[in-house]
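Visitor: My questions all concern the structure below.
Any read-out appearing in this document is the output of simple, stated calculations on the displayed coordinates, not a laboratory observation. Worth saying up front: this structure is predicted, and the values here are computed from it rather than measured. Quick reminder, even Gly has a Cβ in these numbers, built from the backbone with ideal geometry, and neighbours come from all protein chains shown.
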There are 2 protein chains.
Amino acid sequence: MLNKLRIGLAVVILMNLLAIRSDAQQDPFDLTVREKEYLEPAIPRPEQEKTTNEKLEKLYNQKQQQPNILIIIVDDMGWGDPGVYGGGAAIGAPTPNIDRLAHGGLRLTSTYAQPLCTPTRAALMTGRMPARSGLTRPILSGENPTTNPWQTENTAAKILSEGGYKTAISGKWHLGEGDGYYPNQVGYDEFLSIMSVESDFSQTFDAAIYPELIYNKERYDMIQKIVHPELYKGVKGEKPYVERELNNLEELSEIDQAFADYSEDFIRRSVKEKKPFYLIHSFSKVHNDNYPSKEYRGKSPAATPYKDAIVEVDDITGRLMALLDELDIEENTFVFFTSDNGANEDVWPDAGHQPFRGGKGTTWEGGVRVPGIAYWKGMISPGQTNDGLFDICDLFNTALALGGVTEEIPNSNYIDGVDQTAFLLAENGKSKRQTVFMYGATTLTAVRWQEYKVHFKVFLTQGTRQNIDESVLVTASPSPWVYNLYLDPKEQRSSGHRYFEWGIPRVLGFLKNHAATYVKYPMKDIGLGI
Amino acid sequence: MLNKLRIGLAVVILMNLLAIRSDAQQDPFDLTVREKEYLEPAIPRPEQEKTTNEKLEKLYNQKQQQPNILIIIVDDMGWGDPGVYGGGAAIGAPTPNIDRLAHGGLRLTSTYAQPLCTPTRAALMTGRMPARSGLTRPILSGENPTTNPWQTENTAAKILSEGGYKTAISGKWHLGEGDGYYPNQVGYDEFLSIMSVESDFSQTFDAAIYPELIYNKERYDMIQKIVHPELYKGVKGEKPYVERELNNLEELSEIDQAFADYSEDFIRRSVKEKKPFYLIHSFSKVHNDNYPSKEYRGKSPAATPYKDAIVEVDDITGRLMALLDELDIEENTFVFFTSDNGANEDVWPDAGHQPFRGGKGTTWEGGVRVPGIAYWKGMISPGQTNDGLFDICDLFNTALALGGVTEEIPNSNYIDGVDQTAFLLAENGKSKRQTVFMYGATTLTAVRWQEYKVHFKVFLTQGTRQNIDESVLVTASPSPWVYNLYLDPKEQRSSGHRYFEWGIPRVLGFLKNHAATYVKYPMKDIGLGI
């Protein structure tokens, strides 16, 4: 409530400033152009756009089908976990399959997610800042939003399905439970999912971690009424159903194998039906608590649950890639590998790794910067690394562009994503995104622009490590905190006034333009606010 | 002096404990075997040894010459600087050439240097812990050791030169100045070097950084008498001479280009003479202060001196590799790329990067863990990553083994290095090194064993960052601090008593064996102690 008010006031103030701006010349540092009122302005890159379109057209003529889209999203994996980002063998969990994806394609070093799982998934599916959809934080056990956000949201899956794609999600959903919230009710042709999150279930099973919950009979009986460990399944137009109850840790430990089987089956069926597919393979792992599938226990050199889970995730990634190869569709499948937020330092040390400050739940780099690998045999040149900005919500626009249905985006909702097809497909491509706006729920906290990170509000913590539950959000007053991420990737010393006075007015300008979009396209309150 | 006494006492105490041990069975966790009294015990790996020897023999029969050895050592480059270690484009300084070396060969993730430049170079050249040679810290402007350590030290260059190699060092020396200290007087056939270090010279030139030294005439005149910015050149048997005086920052900025030219010329001449070469290409960069060569200014995306210097270092690495290719000797040249210590946080933020605690001058991972890439076309399989332990002093033994002159190592000095040829050349090789012992000057501070790091003494600092000059060395009492580097690579929380009680007696045992070697092979005091 307080947050809403704060942003509301900010918008009013900014609108007054905007009144001045409307007559003014565009800032020379602002390279963006707004093509439509409801679309985020982007940096035009006509040349790479042209080359890319030619490449795509050629492919289409060859395959006579739109390309498949496979988005692989891991839960809580840190930027530094994969070997190609400096982790892997060095931290006791080699990732040869993820590394192979990167070596065979494009490794992005500045991909940004939202700081928490639900907001990132909402942004991925709607192309919108979570504050607009209202899905600003995880929906916890037994909670119900006051409004179903999906009534007025459009998923990429829905638009692609209407455009001839076969669409599915396999794995973690965590975007609401109950009627009207299931994937097959919001645009997916089918799904196999857990509706919430790994830890929701493990707290009802694991007496080693949650003795006070499991050995206290009264409490245990109550939690049984709220938490329902099960896999849900559904197809469009039909009532979703419980495919499998999960009764213990052994059964819970196998769910990522079930999702892998389901994804493989879905891909095979799509190919058989000769329909292009859009599949989000959404790992339950490596969110705490980690229970590697039977054959993965002790398989990592570190031999701990998190590290073994990384090896399992890597192996499944390899399985999916091997299937594309087996079915001979690698050349017609765009693959994007990422994570939904930074490493969770609350469960450290058997947790994700990164060379950044902070972790999940914050907008320090450790909370929002994630692996981002684009792979497409024959379409994306192998061995590339690129530091251009990429926001997970860009996958909305990019998927629709690949599906040829960009024009079908309804103009009722503001879309914060940018079509990055040409950035990803061009040789040494350039990002069309000028800025990444970062939020803690509905509060704008920071902006990334070029190599600069400008914090307007900061998450402060106690002790040396970041801990979501022990952080406070304060205003970086009297002026923003600024970090040059090339020199200070760990965000250790703000150097705004010493080296960035020239840039602060620029970023304030970008922020004004961003805030102005909320006037016509306001935030949605679905009852998750504090 | 105090340090010496402390170690002296420690040795006596440990010897008493050893008296007990001599009757005892070897600890089951101790996998090493000592082959000769003056050689460090190593883990036998007979199978990979056999395969490797066959490969080497086959190559020798083909080339009728021992392989060339090219060691590329950068000054103060952080573990995280190259792209393949998580840096590169992500921190504004892409390293395509270094990355190519790694992709084409073996990337080691646990290579250890000494915490400072002079000790690492001493260890590289002698195969010995710096405490044994006495070269425990940089020799500063106008300082003279009381004893010339080189009178009783044997460099790999000397042994290889006597064994038919053409040997040279190109670049930074920093192992003593004056008669008896020059590379051509301690075993090198020839050299082109600066005798000290970049910052020694820049302090006489750069009024932007050192105004109080340059604008104070009296002080300036005095420093002129101590510091002599010049390039020295020499060949064996002849008096070394000043090849070129450096008169200003412009001239200083070009020295790494001069070293590159010299290395290229040396390699060409060696090939012409049909002699195998042993070349240490020892960059002056990226030690502060960095002055990129003219054409490199602003060449990195970050456009700062350090980052531009990284790009220059990477380009020169590429030049050397291109030359091996041009001369068609890539298949007969073993290349090892590394750094002499961790990133220097004293000159942060335009400095090296790593995801570790601490920096140069300490034995936190940030001070001693460095990039280590082994490349050898046709002999080392491409695309490998390996977390096996490697100590820079192992390059002494490895180079001699490749040169076929291992038997020529005099038995007068204890050799702490281990021959790692088979580890580097085997497919998924295993390290022969069981432990890495870490020192601050003559004080043993920490031991790395498997994924564990055990600190007996720790460098404590003020503030959030490590700063050599603001650290104090204290005993980690009442018991060692222990970190599992797979789970806690940043060494944030000691977990010894919780998870490592089983291991502490093991590590203490290794330490006893190590300390015992000092009885017959004592430390050398060359007057650099405090």
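Visitor: If you average the C-alpha positions of the stretch B:129-198 and of the stretch B:40-70 separately, how far apart do those two centres end up, in angstrom?
Guide: Value for the Cα centre distance between the two parts: 28 Å.
Visitor: How far apart, in nm, are two points set 7 Å out from the Cα along the Cα-to-Cβ line at A:E501 and at B:E331?
Guide: Taking the two extended label points, one gets 6.3 nm.
Visitor: Ok, one more. Hey, for A:P505 with labels 7 Å out along Cα-Cβ, what do the inter-copy distances come to in nm, ordered shortest first?
Guide: 7.2
Visitor: Right, here's the next one. For chain B, give the magnitude of the charge dipole about the Cα centre (Cβ charges: +1 Lys/Arg, -1 Asp/Glu; no others), in debye to the nearest 20. Please report the intermediate quantities before stating the final value.
Guide: Numbers: 55 positive and 70 negative charges, 302 e Å.
Its charge dipole is roughly 1460 debye.
Visitor: Now a separate question. Considering only the other residues whose Cβ falls under 11 Å of the Cβ of A:E264, what net charge follows from Lys and Arg at +1 and Asp and Glu at -1?
Guide: 0
Visitor: OK, next. Amide H of A:S339 versus every other amide H placed in the peptide plane: which residues, excluding those fewer than 5 positions away on the same chain, fall under 5 Å?
Guide: Correct list: A:V74.
Visitor: Follow-up question, since we're still on this one. Just to be sure I understand: if I project the alpha-carbon convex hull of the stretch A:353-474 onto a plane and average over all orientations, what area do I get in nm²? Could the numbers behind the result be given before it?
Guide: Values: hull surface 37.3 nm².
Seen from a random direction, the Cα hull of the stretch A:353-474 projects 9.3 nm² on average.
Visitor: Separate question: Per-residue HN-Hα couplings for the stretch A:236-253, Karplus 6.51 cos²θ - 1.76 cosθ + 1.60 at θ = phi - 60°, whole Hz, x for Gly and Pro?
Guide: 3, x, 10, 6, x, 9, 6, 7, 7, 8, 9, 9, 6, 5, 4, 5, 5, 5
Visitor: Could you list which residues have their amide H under 5 Å from that of B:T95, counting only those 5 or more apart in sequence or on another chain, with H placed in the peptide plane?
Guide: The list, which skips near neighbours in sequence, is B:G83, B:A89.
Visitor: Measure up B:K274/B:K430; A:K453/B:K307; B:K166/B:K307; A:K360/A:K457; B:K166/B:K239; A:K377/B:K299 against 25 Å on the Cα-Cα distance and list the ones that go over. Each step should come with its number before you reach the end.
Guide: Values: B:K274/B:K430 33 Å; A:K453/B:K307 19 Å; B:K166/B:K307 34 Å; A:K360/A:K457 16 Å; B:K166/B:K239 18 Å; A:K377/B:K299 31 Å.
Cα-Cα > 25 Å for B:K274/B:K430; B:K166/B:K307; A:K377/B:K299; rest within.
Visitor: Determine the dipole magnitude for the stretch A:59-150: charges of +1 sit on the beta-carbon of Lys and Arg, -1 on that of Asp and Glu, nothing else is charged, the reference point is the Cα centre, and the result goes in debye to the nearest 20.
Guide: Working: 7 positive and 5 negative charges, 73 e Å.
For the stretch A:59-150, the charge dipole is close to 360 debye.
Visitor: With a Cα-only, solvent-free Debye model of the protein assembly as shown, what are the log10 I(q)/I(0) values at q = 0.05, 0.07, 0.10 Å⁻¹?
Guide: -0.33, -0.65, -1.24
Visitor: Using θ = phi - 60° and the Karplus form 6.51 cos²θ - 1.76 cosθ + 1.60, what ³J(HN,Hα) does each residue of the stretch B:488-501 get, whole Hz, x for Gly and Pro?
Guide: Ordered by residue, 3J(HN,Hα) equals 9, x, 8, 6, 9, 9, 5, 10, x, 6, 7, 10, 10, 4 Hz.
Visitor: OK, next. For the protein assembly as shown, give me the percentage of DSSP beta bridges that are antiparallel, rounded to the nearest 5 percent.
Guide: Within the protein assembly as shown, antiparallel bridges account for around 55 percent of the total.
Visitor: Then there is this: Along Cα→Cβ at 7 Å, what distances in nm separate the B:Y38 label point from those on the other copies, shortest first?
Guide: For B:Y38, the inter-copy label distances come out at 8.3 nm.
Visitor: Would any residue of the stretch B:373-387 have its amide N under 18 Å from a label point 7 Å out along Cα→Cβ of B:Q62? List them or say none.
Guide: Counting only backbone N, you get B:375-383.
Visitor: Right, another one. Label-to-label distances across copies for A:K217, with labels 7 Å out along Cα→Cβ, in nm, shortest first?
Guide: Those separations, rounded to one decimal, come out as 9.6 nm.
Visitor: Go through the stretch A:314-327 residue by residue and turn each phi into a ³J(HN,Hα) via Karplus (6.51, -1.76, 1.60, θ = phi - 60°); whole Hz please, and just put x for glycine and proline.
Guide: Here the 3J(HN,Hα) series is 5, 5, 5, 4, x, 4, 5, 5, 4, 5, 4, 5, 4, 7 Hz.
Visitor: Long-range amide H contacts for A:T385: which residues qualify at under 5 Å (H placed 1.01 Å from N, peptide plane, sequence gap of 5 or more or a different chain)?
Guide: Under 5 Å from the amide H of A:T385 lie the amide H atoms of A:R107, each far enough along the sequence or on another chain.
Visitor: Please give me the summed charge of the neighbours of A:G187: other residues whose Cβ is under 13 Å from its Cβ, Lys and Arg +1, Asp and Glu -1.
Guide: -2
Visitor: How big is the charge dipole of the stretch A:182-316 about its Cα centre, in debye rounded to the nearest 20, if each Lys and Arg gets +1 on its Cβ and each Asp and Glu gets -1 on its Cβ?
Guide: Working: 17 positive and 26 negative charges, 86 e Å.
Here the size comes out at about 420 debye.
Visitor: What number does the stretch B:228-286 give for Rg over Rh if you use C-alpha atoms and the Kirkwood radius?
Guide: For the stretch B:228-286, the value is 1.01.
Visitor: Also, I was wondering about something else. Put a dot 7 Å past each Cα toward the Cβ at B:A322 and A:K236; how far apart are the dots in nm?
Guide: For the pair A:K236/B:A322, the computed spacing is 5.5 nm.
Visitor: Run the reach check for A:K217 against aspartates and glutamates, Cα to Cα strictly under 14 Å, same-chain hits fewer than 8 apart removed. What comes back?
Guide: Within the straight-line limit of under 14 Å, A:K217 reaches no aspartates and glutamates at all.
Visitor: Which percent of Cα pairs goes in each bin when the distances of chain B are cut into 20 angstrom slices starting at zero?
Guide: The distribution over chain B is 23, 60, 17, 0, given as percents.
Visitor: Let me ask you something else. Counting other beta carbons within 10 Å of each residue's own, what order do A:T442, A:T461, B:T147 fall into, fewest first?
Guide: The order, fewest Cβ neighbours first, is B:T147, A:T461, A:T442.
Visitor: Okay, next question. Looking only at other chains, what is the average number of their beta-carbon atoms within 10 angstrom of each beta-carbon in A:486-497?
Guide: Per residue, the number of nearby Cβ atoms from other chains is 5 on average.
Visitor: Compute the relative contact order of the stretch B:267-313 as a whole-number percentage, counting only Cα pairs closer than 8 Å that sit 6 or more residues apart in sequence.
Guide: That works out to 31 percent.
Visitor: Between beta-carbons, use under 13 Å as the cut-off and find the net charge around A:R121, counting Lys and Arg +1, Asp and Glu -1.
Guide: That works out to -1.
Visitor: According to a simple spin-label model (label point 7 Å from Cα along Cα-to-Cβ), what is the distance in nm between A:K512 and A:N53?
Guide: Here the modelled spin labels are 3.4 nm apart.
Visitor: Follow-up. Mind sorting B:S477, A:S479 by how few other Cβ atoms lie within 10 Å of their own Cβ, fewest first?
Guide: B:S477, A:S479
Visitor: What's the FRET efficiency of B:D179 with B:L473 using the Cβ-Cβ distance as r and R₀ = 30 Å, to the nearest 0.05? Please report the intermediate quantities before stating the final value.
Guide: On the way: r = 34 Å, r/R0 = 1.15.
Once the sixth-power term is evaluated, E becomes 0.30.
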